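Input: a single structure, listed below in structure tokens.
Values quoted throughout were computed directly from the atomic coordinates according to the rules given, and no laboratory measurement underlies them. Just so it is clear, the model here is predicted, and its values are computed rather than measured. FYI the Cβ positions are ideal-geometry reconstructions off the backbone, even for glycines, and counts take in every protein chain you see.
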Amino acid sequence: MKPLARLALLRGPIAAAIALIALGGAAVWYAYADHARAELAHRLASQNAQRAAQALQRARRDETRLRDTIERYAALADKGLIGPERRLDWVEALDAARQRHGVAQISYEILPQRRLDGDAPAQPLEWVESRMRLRMTVKHAEVVLRVLDDLAALPSAIVQPQRCRLARESSASPALSVDCEIRWLSLRPEAAS
């Protein structure tokens, strides 16, 4: 057989081999491209999962803070520090202190409530104060401190004595005349303003 005849016989298998090599190369290229797309999709999915995990962690931390804040708000509201002033409680506490500590005479005047930050824009919770002018006649100065301690123990307001002036009623009498200015601080929700 002639060399050209042998070559003619191998033409079909050579063409098939070339076609299979081309097909194998195309398959390798397609597999490589698909692998690159899969790696990119995996990287994006990992980044999204990491962002979601961080968002979940922030949400859990915020939830804990929010629950703590709600519990503190509820505790303050239960005590009466948030909401309308409980002036009747104040008056009853003054009367109980008068009886408990033997105050001879007591009188008071409560001025209207006002916002502490009057010029600031309204807030969801605002500090408000009512000033009280308290006058008493007592046997000695320690009674004044006891009365102020009783008022400070009230949970429905923060009591801040601003000033107290004590004076002898007369040189013959041991009784003291007391004139105090007291701030009663509480929190008022914005809707109540």
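Counting only DSSP beta bridges with both residues in the chain, the antiparallel share comes to about 95 percent. Note that the chain carries a Kirkwood radius of 24.2 Å, evaluated over its alpha carbons pair by pair. Comparing mean-square fluctuations of Ile110, Ile70, Ile21 from a GNM of the chain with C-alpha springs under 10 Å, the top value falls on Ile21.
Where nothing but the Cβ of Lys and Arg (+1) and of Asp and Glu (-1) is charged, how large is the charge dipole of the stretch 78-141 around its Cα centre, in debye to the nearest 20?
In debye, rounded to 20, the stretch 78-141 gives about 420.
How far, in nm, would the chain grow between Ser173 and Leu23 when pulled straight, counting 0.36 nm per residue and subtracting the alpha carbon separation?
Between Ser173 and Leu23, full extension yields 42.0 nm more.
Each residue of the stretch 69-76 is assigned a 3J(HN,Hα), and the resulting list reads 5, 5, 5, 5, 4, 4, 5, 5 Hz, derived from the Karplus form 6.51 cos²θ - 1.76 cosθ + 1.60 (θ = phi - 60°), x at Gly and Pro.
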